[in-house]
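Undergrad: Got a structure for you, questions after.
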Amino acid sequence: MSDRHISQHFETLAIHAGNTADPLTGAVVPPIYQVSTYKQDGVGGLRGGYEYSRSANPTRTALEENLAALEGGVRGLAFASGLAAEDCLLRTLLSPGDHVVIPNDAYGGTFRLFAKVVSRWGVEWSVADTSDPAAVRAAITPKTKAVWVETPPTRCSASPTSRPSRRWRGTRAPGSSSTTPSPRRTSSSRWRSARTSSCTR
């Protein structure tokens, strides 16, 4: 997210973040690039960082920059599905022996991801009512690396006022089934936050 986006309102960011005029035509909305391969100027000589659409695409870059600005994040990543985003986040964040607290009303796909995939990596998980800060506190262990929070089913997000423990420094990883990001920000420097949003429903 650029410095010029920090002071802009959510509505302004939704329209302008990631949208730069096309340098070739001057179009104010980025065109949709439907190509699979980009010309290179020699081995490793990428133009704008693009080689294959499966790794990067100017249209997806515009979306990712927009989502990062809307979420107040440093970087946004777009995936083909919400579960692909969750899987990438968990593989980046967790190591064998780590523990995660997941909500008792987790999306079925999230539950299966923990039960059938993540547990095979040697990552432990337990279930808690994430609308109850005391239940979350009780579920946290010395190995807890993240508290997974999902909305809208969850009535209580792990905000600075409902922080599970002052001694615990993990990651709050809220997932969302909403179709658009919301102007919620993590306002406490004690939390590292990663957020997934699914636009498939």
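Every number in this text was worked out from the coordinates using simple rules, so none of it is lab data. If you're wondering where the values come from, they're calculated on a predicted model, not measured in any experiment. No Cβ is skipped: glycine too gets one built from the backbone with ideal geometry, and neighbour counts run over all protein chains shown.
Undergrad: Near the amide H of residue 33, under 5 Å away, which other amide H atoms are found, from residues 5 or more places off or on another chain, if H is placed in the peptide plane?
TA: Long-range HN contacts for residue 33: 59.
Undergrad: A further question follows. Only residues of the range 24-68 count here: report those whose backbone N is under 17 Å from the spot 7 Å along Cα→Cβ of residue 88, or say none.
TA: Only 49-68 fall inside the zone, counting backbone N under 17 Å.
Undergrad: A follow-up question, please. Given a Förster distance of 25 angstrom, what is the FRET efficiency for residue 40 paired with residue 60, based on the Cβ-Cβ distance and rounded to 0.05? Display every interim value, and only then the final one.
TA: Working: r = 19 Å, r/R0 = 0.75.
So the FRET efficiency works out to roughly 0.85.
Undergrad: Assigning unit charges at the beta carbon (Lys, Arg +1; Asp, Glu -1) and nothing else, what dipole magnitude in debye, to the nearest 20, does the range 1-145 show about its Cα centre?
TA: Values: 13 positive and 15 negative charges, 94 e Å.
Around 460 debye, computed over the range 1-145.
Undergrad: In Å and from the alpha-carbon atoms only, list the Rg and Dmax of the range 13-64.
TA: 12.0, 37
Undergrad: Continuing with this model, one more query. Could you point to the residue in 118, 26, 55 farthest towards the positive end of the range 26-119's charge dipole, with +1 and -1 charges on the Cβ of Lys/Arg and Asp/Glu respectively?
TA: 55
Undergrad: With a cut-off of 8 Å between alpha carbons and a minimum separation of six or more residues, what is the relative contact order of the range 1-101 in percent? Intermediate results must be reported in sequence, preceding the final value.
TA: Values: 92 pairs, mean separation 27.2, N = 101.
Across the range 1-101, relative contact order equals 27 percent.
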